[in-house]
1. Go through the stretch 1-60 and give me each residue that's acidic (Asp, Glu) and over 30 Å from residue 81 (Cα atoms).
2. Do we find a residue being under 21 Å from residue 121 (Cβ atoms) and touching an Asp or Glu at 6+ places or on another chain (Cβ under 7 Å) anywhere in the stretch 31-48?
3. What is the residue count in the stretch 71-104 for residues that are in a loop (DSSP other than H, G, I, E, B) and open to solvent by less than 40 Å² (accessible area, probe 1.4 Å)?
4. Mind counting the residues in the stretch 105-130 that are among the polar types (S, T, N, Q) and either surrounded by fewer than 18 Cβ atoms within 10 Å (Cβ to Cβ) or assigned to a helix (DSSP H, G or I) (or both)?
5. What pairs come up if the first residue lies in the stretch 83-109 and is closer than 12 Å to residue 17 by Cα, the second is basic (Lys, Arg) and open to solvent by less than 50 Å² (accessible area, probe 1.4 Å), and their beta carbons are under 7 Å apart, counting only those six or more places apart or on different chains?
6. Please enumerate the residues belonging to the stretch 82-124 that are under 11 Å from the mean Cα position of the chain (by Cα) and of a type in the set (Val, Ile, Thr).
7. Does residue 57 satisfy the criteria of being in contact with a helix residue (DSSP H, G or I) (Cβ under 8 Å, 6 or more places away or on another chain) and open to solvent by 40 Å² or more (accessible area, probe 1.4 Å)?
8. Within the stretch 5-31, take every residue that is at pLDDT 95 or above and among the hydrophobic types (A, V, I, L, M, F, W, C) and give me the one that is nearest to residue 112 (Cα to Cα).
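The values are calculated or read from the model by the stated rules, or taken from the named source; none is laboratory data. The structure displayed is predicted, hence computed values, not measured ones. Note: ideal-geometry Cβ built from the backbone for every residue, glycine included; neighbour counts use all protein chains shown. These area figures cover heavy atoms from the full protein model, side chains too; ligands, DNA and RNA do not enter into them. Shrake-Rupley method; radii C 1.70, N 1.55, O 1.52, S 1.80 Å.
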Amino acid sequence: MLTANQGNLTLGENIADFGGLKSAYHAWLNWFKDDFCRGIDKDDMPLTFQLCEEQAKPAIWQKHLFWVSYGQNWCDKERDPSMKMALQTDEHSPDKFRVNGPLTQNEDFARDWKCPVNSKMNPKDKCVLW
């Protein structure tokens, strides 16, 4: 049986997963905007550049692919003896929780997937780290 102390074993990695996912999503959005507006000189055409930046948003299917690729990264099948050992010694949470934990706390995910407030993947009260 797991104890509260064993939960502390994964705390640092859980925080890293939460923050890393949020940072990665916003970095991807910034990259998308930069790539979309490439070739438009900000100094020579400031209004055109500003308009481009306002319009540079990924389509919903592109946002969905971002989230699916995150989840797919942790997709595996672990045998029970291995899982039991990992629960006692691994500083990482089981893969299912490395996916669902950060996603349920992420406003961007909930908005992009239109998860109803207070649903399993969009609890009303969230842990906001940064």
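1. Let us first name the residues in the stretch 1-60 that are acidic (Asp, Glu), namely 13, 17, 34-35, 41, 43-44, 53-54.
Matches in the stretch 1-60: 34, 35, 41, 43, 44, 53, 54.
2. no
3. Number of matching residues: 2.
4. Here is the first cut: in the stretch 105-130, the residues among the polar types (S, T, N, Q) are 105-106, 118-119, 122.
Next cut, either surrounded by fewer than 18 Cβ atoms within 10 Å (Cβ to Cβ) or assigned to a helix (DSSP H, G or I) (or both) only: 118-119.
Here the count works out to 2.
5. That search, which allows pairs on different chains as well, returns 92/98; 105/126.
6. 99, 104
7. Numbers: in contact with a helix residue (DSSP H, G or I) (Cβ under 8 Å, 6 or more places away or on another chain): yes; open to solvent by 40 Å² or more (accessible area, probe 1.4 Å): yes.
In short, yes.
8. This residue is 29.
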